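Read the structure below first, then the notes.
The values are calculated or read from the model by the stated rules, or taken from the named source; none is laboratory data. Fair warning: this is a prediction, and the values are worked out from it, not measured in the lab. No Cβ is skipped: glycine too gets one built from the backbone with ideal geometry, and neighbour counts run over all protein chains shown. To get the accessible areas, we keep the full protein, side chains included, count just its heavy atoms, and leave off ligands, DNA and RNA. Shrake-Rupley method; radii C 1.70, N 1.55, O 1.52, S 1.80 Å.
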Amino acid sequence: MTITFLLLAATTITGTAAAMSLKNLVHCVLALTLGLVSLAALYLQLGAQFVGFTQILVYVGAVAILAAFAIMMTRSAEPAVLTGSSSFRVSGALIALVVFAVLGWAVWSGTGALAVLGPEPEAPVNEIGVALMHRFVLPLEIIGLLLTAALIGAGILAMDETRRTK
Amino acid sequence: MNWIVRNLWLVPVLPLLAAGISALAKRKSRAMAASLAIGSMAISFLLSVWAFAHVLLLRSNGQATQQVFNFRWFQFGNEWLSLGWILNPLTAVMLVMVTFVGMLIFIYSVGYMEHDDNFTRFFCFLALFASAMLGVVIANNLLLLFMCWEIVGLTSYLLIGFWYEKPSAAAASKKAFITTRIGDLPFFLGIVWLYAQSGTLLFYNNGAGCLESTSINHLLTQPTPLGFCSATGIALLVFCGAIGKSGQFPLHVWLPDAMEGPTPVSALIHAATMVAAGVFLVARVYPLMSAHSGIATELTTSTALQAVTWIGAITALFGAVIAVAQFDIKRILAYSTVSQLGYMMMGLGVGGVAVGMFHLITHAFFKSLLFLGAGSVIHGCSGEQDIRRMGGLRKLMPFTFATYTVGMLALCGFPFFFSGFWSKDEILHAAHSWNISQAPYYMGAFAALLTAFYMSRQMFYIFGGKSRLTESSEGHSHSPVSPDHSSHHGSNSPHESPKVMTVPLMLLAPVALLLGFFGTPAWPWFQSFLDATQLAVDFGALSEGSMLPVMLSSSVIVLLGLGIGWWIYGRRPIKSAEAPDNLGKLSPPLFTFLGHAFYVDALYGATVINLNTQLSKISDWLDRWIWNGAVKTVTNIVLGLAHLDNFLDTHVVNSGFDEGCQSVSRSGQILSLLQAGRIQGYLKIVAGAGIAFTLLLLWKAKI
Amino acid sequence: MPEMIDQIFVLLKHWLLAYVPAALQPIVSAVLSVVPVLVAFPLLFAITTVLERKGLGRMQNRYGPNRVGPFGILQPMADGIKSLTKEDIIPRTADQVVHFLAPVMLVIASFVVYSVLPIGKNMVLANLNAGVLFFFAVGSMVELSVFMAGWSSRSKYSLLGAMRAIAQMISYEMPLVLASVVVIMAAGSLSTVAIVNMQAGYTGIWPRWYVFTPWGLTGFVIFMIAATAESNRCPFDMPEGESEIIAGYYIEYSGFKFALFFLGEYLGMFATSAMAITLFLGGWAAPFSFLTWIPSYVWFFVKLLIIIMAFIWVRGTLPRLRMDQLMNFAWKFMLPLSIINIVGAGVWHLIPAGFTRWLIDSLLVIVSCVLLSRGIRRGKSFHVRTYRFAS
Amino acid sequence: MTPMSGYLLLSALLFSIGLAGALTRRNAILVLIGIELMLNAANLNFIAFWRYGPHPEALTGIMFAIFSISVAAAEAAVGLSIILAVYRHSKTTDLDQMNSMKG
């Protein structure tokens, strides 16, 4: 429980909470970026360098940009007029709160057994690569297939309808 | 291991690549397809020469001239299927021959097919064919050989039927394909049998291959229910494949019809390479063919080889007799090819690998020369193929005439200077000293006489006298005009072919002329090269034993044949295209009989095909009346039941079902209230369920 | 002695560190490492601007800057003073915070990537296990700052420019990363230091740079083209095409923020060039074994300057592409080619050393190049142009 | 409180924030982002368990996180393009107005 952790946790929570609550969608995406970068920093704290950099590459370089693009193309940047029932939102927030309470309780009461702190584990890129190519080669292939399918699917979905039917 | 041995696969793969690329190319990219095919073939030729030189080098160093490279392909069960390639004198010679002749024919095709719309496709097929043929040559595995063999069959089909708009070409391609398939079925059975017996299909594998002594001895001790050992059985089955592909006697019918394809195809497939594949196959599996269980002396000949000899002798005579009475320029050459292939088989049977292969190589050169010359003649005569309507081309097509004469004399085996003489003489000599029977020798000698005769007949028809091309070319559609020539050569006057066609001819002619000197009895370089024996110059060998008498008698036979040809056809120039054949005047019924090739096609039509048709008619009748009737009856019964059911359904079941439907629909209306159309609502339910589950798990963990 | 000169900065740092109490040593060490980078590269930026302006001037038959200082070499100082003293204008409707953050983030991201680039032997700020990944990860933040700048300005032109820039950068990021994958395959490491060390040996007098292999050369060319697009330079300067959208996403910036954008762009260009050097051109390694006495950092900067020259040359030579040409080129040529190149690199490592693998690899690359370029040229027909974002 | 429970609590909080966003926001893009946040919370759990778990050398947590990030990327791409397609069809990204499936 170090200062760094607290600091990073604070930025993560601030960023993500802002991302979920700000009115302007572009601000939301920027706040989300902040949150996810601090999350990546947390991964680095935990010694998972590769995952941390991948996180930045994927979320900042791809997902956030994609979201920004989607916001621009759907003209969602202008704050919309609020309609609909507020009770629906309140109930949603309540459910989230209950979920947090349950999870928090579970964490609080359940992790005593794992209190022993082992030495800092190593996760060199080489070993990750070797593991990907041997033990985890099937998931890797499946992920590759999934990504290809997603690429093609996203392309077809985003294509102009006029061109698709041509 | 040497680089060339390790990379021998490049030889067939390069044309394959060329074929693949030109298959993807546009129809318009003619230059690319042609240059790819020719270029790949040229590189393959260089590689083959390299391989040949490598074998020569090994030989001069006194090392073993046979090198194999095997690799594992895939595993099934506990066994690995290995493939591989082999470099030995046989392979090297064939490689050089196939790539050289192939390259020349490719170049020639550029000129011949110039006006064809499907130029690109043609070169794609040619390259694929060359690739498969080279694959057959280098394969060190019977299965690999068989695969390439089948591709050869496929490309032959595609090329014969290249002008598929022509019904005769389509029919010929089908015929070729089906006929060779008939031979391939026993071949495949032989492969399966061999695999079952010896457990490997590799030819040579450091003592473990199926052609090496361990395996052969094992095969010799395995009896079959029919009395002969399984080695003989397998050899005979494999020979069936060779019969089909090399157009031997019962299955020769496809080869003359295959002349429907473009002439370069005839030259490439039906002179130099594909038909030689059968001979080559027999040569390749010669250890299996010659395996005999009797006393291991030089004198006994295995049953398989006897079969090879007899089939070969019959084919040689048979083809020569038929060729006498043909009028289509390419058909004459086709029957001559049948006859010469018979010679080769006979040579393999009586004399061994070297004898047969020597004739194969010389024949490949002079026959492709002849075919290309014939193509040049046809091209010059605007697609005319009937020799009765040619004539007088000696002045008009001097290059073609000169080279054609060389090829013709080589085919006849004109004494001493022409390659055909030496290779044919070799076979006749071996047949003369065969210990089983003298009949093949006499059959071969008579066939040689006929060869000289029909070739001189053809020469006089084509080149002698005056041009008969212009007279009444309409009305006679005896030989179909090739679609590629009809439109572009409006004028009917014969003319010399372009350079791109004559140059390959001029390149082939000296080879056809001089190749024979590599295998004279005095200096049997070729034979010693193939058999890996010591080479010595020995002019005494010419006069040894029966050699001189056989040589002299065959010379006399050739001269006699040419003389008869001149007597009948050359003395007086042929007057007109309508005039009856000079030989036919002697005995018209016999001549017609020969002209229809002994009515073998008709015989097959009347027996096999007719039987097939009758059987299909019977099954059609059965289908129509017996089975269909049964089906109809069952149908009617079912229909009746269905009507009954329909009645019950409408009046009994439906009223109850409607009630059920209404209740379901009402409950659906109630449930649809849950479906609010708002994803987040569903998500909430999921989250609630998640909470419930977590609580349940925690509660259980506490207890 | 050459060894001494080569390592002089490292030794200097250690010597200075010895005077610092142990507790402060990590911080001081970091400062000592970072400050030279923070000084050297902006200095290089200054030099490059004047070089570029003079070089372009010569290419266009004019003098270029020649008033400030001898031959105009003090021009960047004058520019800097000018942009510092100019008024900082922020549009009234702009999103103030984001508008301020965009250039800052750009410059920070551009500087951070230098931490994994080995400038000389033993001269790298952080020898990360996953250095190349880090480079690309941080490099992708540039796109976000471009988006921030374009969106926050509330101007049609800047938004269009940002959209173009992001579309282009995303498209070219993929060939960029895939082109460097071949090097990672060869070196078996993501660490930039390890990659350079792999290339630092010599065969005879010839270097073992990855660019001297068929896949390496292909990768290098792809990388450089993609790097040109990534740094929005000519002929890929669609996002800031003056004749179409004035200056792209930073029209609404002025004064020092504008200078920051300029700095960020150039720093990004230097960084990608330096990465290309590290991946393909042997980093700080000398080109011949008999030239190793020249210090490694000198080689690094010489190579960097050569690549910058190439950039300037290209800018002076080629006209700007159209948007659809740009995208077609990225997706239909660069991406497939870089994937084929990866296959080629794999084939290279499977085949034992010798002439065969050179032949096969070169053939693979050349044939696919030819076929792909045929594909690009196919079916060129011109439609009425529509601007999706403006409609 | 052990270091690990700190991470786990943070992850739980992140998950709840994501869930709250997904449940309450009306814009489809934000709902998607909320879902991404939940995925990230799970990733944090994986990494934390890998770091403090009994067998860090097996790399299972890292692998799971990597795969999960890849899946998240694919999900974002497809999800956003679906949103674009829907927007093109109905000119809105408001989930409340996309109720043509309402029973």
Residues other than A:Leu44 with Cβ under 15 Å of its Cβ, Lys/Arg counted +1 and Asp/Glu -1, net out at -1
Scalar couplings 3J(HN,Hα) for the range D:12-20 by Karplus 6.51 cos²θ - 1.76 cosθ + 1.60 (θ = phi - 60°), nearest whole Hz, x for Gly and Pro, are 4, 5, 4, 4, 5, 4, x, 5, 4
Give me the distance between the Cα centres of the range B:1-67 and the range B:214-268, rounded to whole Å. 27
Just read off the accessible area of C:Lys54 with the full protein assembly in place, 1.4 Å probe, to the nearest 10 Å². 50
Net charge, A:Phe88 excluded, C-beta distance under 10 Å - Lys, Arg +1, Asp, Glu -1: +3
Could you pull out the chymotrypsin sites (Phe, Trp or Tyr not before Pro) across the range B:154-183 that fall in loop regions by DSSP (anything but H, G, I, E, B) with no more than 13 other Cβ atoms inside 10 Å? B:Tyr164
Suppose accessible area is computed on protein heavy atoms with a 1.4 Å probe; arrange B:His432, C:His349 from highest to lowest. C:His349, B:His432
Going by a ≥ b ≥ c, the root eigenvalues of the Cα gyration tensor, does the range A:1-80 fall in the rounded group (a/c under 1.5), the prolate group (a/b larger than b/c) or the oblate group? oblate
Residue-by-residue Karplus 3J(HN,Hα) for the range C:118-124, coefficients 6.51, -1.76, 1.60, Hz, glycine and proline x: x, 7, x, 5, 6, 10, 9
In debye to the nearest 20, how big a dipole does chain D give about its Cα centre with +1 on each Lys and Arg Cβ and -1 on each Asp and Glu Cβ? 300
Among C:Val370, C:Met1, C:Gly57, the residue whose Cα sits farthest towards the positive end of the charge dipole of chain C, when +1 is placed on the Cβ of each Lys and Arg and -1 on the Cβ of each Asp and Glu, is C:Val370
Extension length gain for C:Trp15 and C:Ser289 (0.36 nm per residue less Cα distance), in nm, is 95.6 nm
Might you report the magnitude of the Cβ-based charge dipole of the range C:59-180 about its Cα centre, with Lys and Arg at +1 and Asp and Glu at -1, to the nearest 20 debye? 340
On a 0 to 90° scale, report how tilted helix B:89-112 is relative to the longest principal axis of chain B, with both axes built from alpha carbons and the result rounded to the nearest 10. 90
Could you report the accessible area of C:Tyr202 in Å², rounded to 10, computed with a 1.4 Å probe on the protein chains as they sit in the structure? 50
Which order do peptides C:62-69, B:547-554 fall in by mean Cβ count within 10 Å, highest first? B:547-554, C:62-69
For the range A:1-48 and the range D:47-103, distance of Cα centres in Å: 18
I want the local charge near B:Gly392. Using Cβ-Cβ distances under 9 Å, sum +1 for each Lys or Arg and -1 for each Asp or Glu among the other residues. +4
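So, R0 is 51 Å and r is the distance between the beta-carbons of B:Thr221 and C:Val302; what FRET efficiency does that work out to, to 0.05?
Details: r = 79 Å, r/R0 = 1.54.
According to the calculation, E is roughly 0.05.
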Exposure rank, largest accessible area first [A:Arg75, C:Arg233, D:Arg88; 1.4 Å]: A:Arg75, D:Arg88, C:Arg233
Kindly state, to the nearest 0.05, the FRET efficiency for B:Leu697 paired with A:Leu97, given R0 = 22 Å and r defined as their beta-carbon distance. 0.65
Set C:Lys156/D:Lys91; A:Lys23/C:Lys82; B:Lys166/B:Lys499; B:Lys28/B:Lys367; B:Lys330/B:Lys585, cut-off 27 Å on Cα-Cα distance; pairs above it are A:Lys23/C:Lys82; B:Lys166/B:Lys499; B:Lys28/B:Lys367
Here the whole-number average of other chain Cβ atoms within 10 Å per Cβ of C:127-135 is 5
Which residue, chosen from B:Pro167, B:His429, B:Ser35, occupies the Cα position most advanced towards the positive end of the dipole of chain B, where the dipole is computed from +1 (Lys, Arg) and -1 (Asp, Glu) charges on Cβ about the Cα centre? B:Ser35
Not counting ligands, DNA or RNA, and with a 1.4 Å probe, what is B:His429's accessible surface area in Å² rounded to the nearest 10? 40
How many times 2.2 N^0.38 Å is the alpha carbon radius of gyration of chain B? 1.23
Suppose every Lys and Arg Cβ carries +1 and every Asp and Glu Cβ carries -1, with no other charges. What dipole size does chain C come out with about its Cα centre, to the nearest 20 debye? 980
Sorted by chain and number, the residues with a modelled amide H under 5 Å from that of B:Asn140, at a separation of 5 or more or across chains, are B:Gly84, B:Trp85, B:Ile86
Compute the separation of the alpha-carbon centres of the range C:134-208 and the range B:658-674 and state it in Å as a whole number. 59
Ignoring ligands, DNA and RNA, how do B:Glu212, C:Glu3 rank by accessible area with a 1.4 Å probe, largest first? C:Glu3, B:Glu212
